[in-house]
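The values are calculated or read from the model by the stated rules, or taken from the named source; none is laboratory data. A quick note: this is a predicted structure, and the numbers were derived from the prediction, not measured. Quick reminder, even Gly has a Cβ in these numbers, built from the backbone with ideal geometry, and neighbours come from all protein chains shown. Note: areas computed on protein heavy atoms with side chains; ligands, DNA, RNA excluded. Shrake-Rupley method; radii C 1.70, N 1.55, O 1.52, S 1.80 Å.
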Amino acid sequence: MLPRRVFSLSKACPLLARNLTSSTSGFQTTMEEVRNKLREIVGASTNWRDHVQAMNERKALHTLLAKSQADLPPRKMSDSYIEVILPLGSQPEIREKYLNVHNTVRFGRILEDLDSLGVLICYTHTKHDAAQRSPLSIVTALVDKIGLWEQHIHPDRDIKFIGNVSWVGRTSMEVKMHMLQLNDGIYGPVLDATFVMVARDPENKRPAFVNPLILETPEEKKIFNEGELNKTRRVDSSKASLLKMAPTAEERNIVHNLFLNTLDTRTVSFRSRVLPSNSAWMQDTSLKSLEICHPEKRNIFNRIFGGFLMRKAYELGWACAYNFANSRPYVVAVDDIMFQKPVEVGSLLLLSSQVCYTENNYTQVRVHSEVYDPDSRVHHTTNVFHFTFMLEKEIPDIVPKTYGESMLYLDGKRHFESAMKENKA
């Protein structure tokens, strides 16, 4: 079972709690309508052959951009609140898209839906009353964290997504979303998600200002302050990254002890290494895949849909954990997915997964995503994904061999401990 937390609806989403006890509710729609609405807002064409013309038409929207944030009307959290129904129970014909072989819902599909919903929530917050089309290009910058409450997501019960803008900077917005599933006539919590979106100009080239946020209640002020703390935490985490800073003294001791435990006591050599019992070398746990990025998977800005990238990375990470542990993995948390570079249509997308940390029956899997240009033979990193899985039995310890693998081990340990801390909160 997943680590249990006490769920408080009023704390997790006070807007939903308020709507459930009142006669009015927020904007309610379906996931298909969400995607149709996004195409309408930006003027995206459903035909690939028309995409160049559609993007050229957006250039005229530059005149609608605000010169400063002060020029934009402030918005309330409730202004961006949206409810989306995924009718898996009441519309059986859509189930197959979401069904996996274990008769539960494909989590990768949920990631796609969360990404689309997060963008629509931000467009709702920044709605331009004077124009049918928005001058903003809103894209996902970061999946800060996703934590799960339930191990099983049933494929034959309706799902409800809810969410709203919870924090606003000058050109960025934090979105909190919650997923609930119908059980005996009551929607119960399944997961919480926090995404960060950025607004750019109509051609998706430069940052653009977004509407400021009005805080009406003490609960909303608390949620906004959590957004500030999240921003500070991300800055601090970036500064302490093992790509920039040396490990702490405690982490150096961990790495050295791992090294000492693998030395062959029969020799006096640093090169002779022996794998401890009930362990696996990190280098033996990787899985890779390649995707050709066809137009079918493009987003409203004619680049590859971020939700598709998350789904493919998750499914490879899940397979990597399954292959390593010989036991079915259950996702516990997703965190710190930074969208570093957009993926263009036609790209060759290379995904590399690696088990980088284990503890008891948990494993931390890292998936690295890069695009490859066959003509120039140049690789560019686009994303790094972090997934925490729980297995049905205890699993071997992972052991790094090289210094680089040791840094992956420590980074995985940091992400795992962060996920466990969130689950206990």
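Annotations for the structure displayed:
- Residue count, the range 324-358 (criterion: acidic (D, E) and surrounded by fewer than 17 Cβ atoms within 10 Å (Cβ to Cβ)): 1
- Inside the range 156-170, residues that are more than 17 Å from D113 (Cα to Cα) and in a strand (DSSP E or B) make up a count of 3.
- Here F224, F209, F195 are screened, and the one residue that is crowded, with 16+ Cβ neighbours inside 10 Å and either modelled with pLDDT under 90 or assigned to a loop (DSSP other than H, G, I, E, B) (or both) is F209.
- Residues of the range 212-221 that turn out to be under 30 Å from A419 (Cβ atoms), among the aliphatic types (A, V, I, L, M) and surrounded by fewer than 18 Cβ atoms within 10 Å (Cβ to Cβ), as a count: 1
- Taken together, the residues in the range 284-312 that are farther than 24 Å from N100 by Cα and assigned to a loop (DSSP other than H, G, I, E, B) amount to 4.
- Check on K67, surrounded by fewer than 16 Cβ atoms within 10 Å (Cβ to Cβ) and among the basic types (K, R): yes
- Among the residues of the range 391-425, the ones that are aromatic (F, W, Y) and surrounded by 17 or more Cβ atoms within 10 Å (Cβ to Cβ) come to 2 in all.
- Flag if E83 is within 23 Å of I110 (Cα to Cα), modelled with pLDDT of 80 or more, in a helix (DSSP H, G or I) and not polar (S, T, N, Q): no
- A single entry from H368, H386 fulfils the requirement of being open to solvent by 10 Å² or more (accessible area, probe 1.4 Å), in a strand (DSSP E or B) and without any contact (Cβ under 8 Å) to a residue 40 or more places away in the chain: H368.
- Among the residues of the range 135-148, those identified as more than 18 Å from G306 (Cβ to Cβ) and either in contact with a helix residue (DSSP H, G or I) (Cβ under 8 Å, 6 or more places away or on another chain) or surrounded by fewer than 20 Cβ atoms within 10 Å (Cβ to Cβ) (or both) are P135, G147.
- Per-region count, the range 366-391, residues more than 30 Å from L260 (Cα to Cα) and in contact with a Ser or Thr (Cβ under 6 Å, 6 or more places away or on another chain): 5
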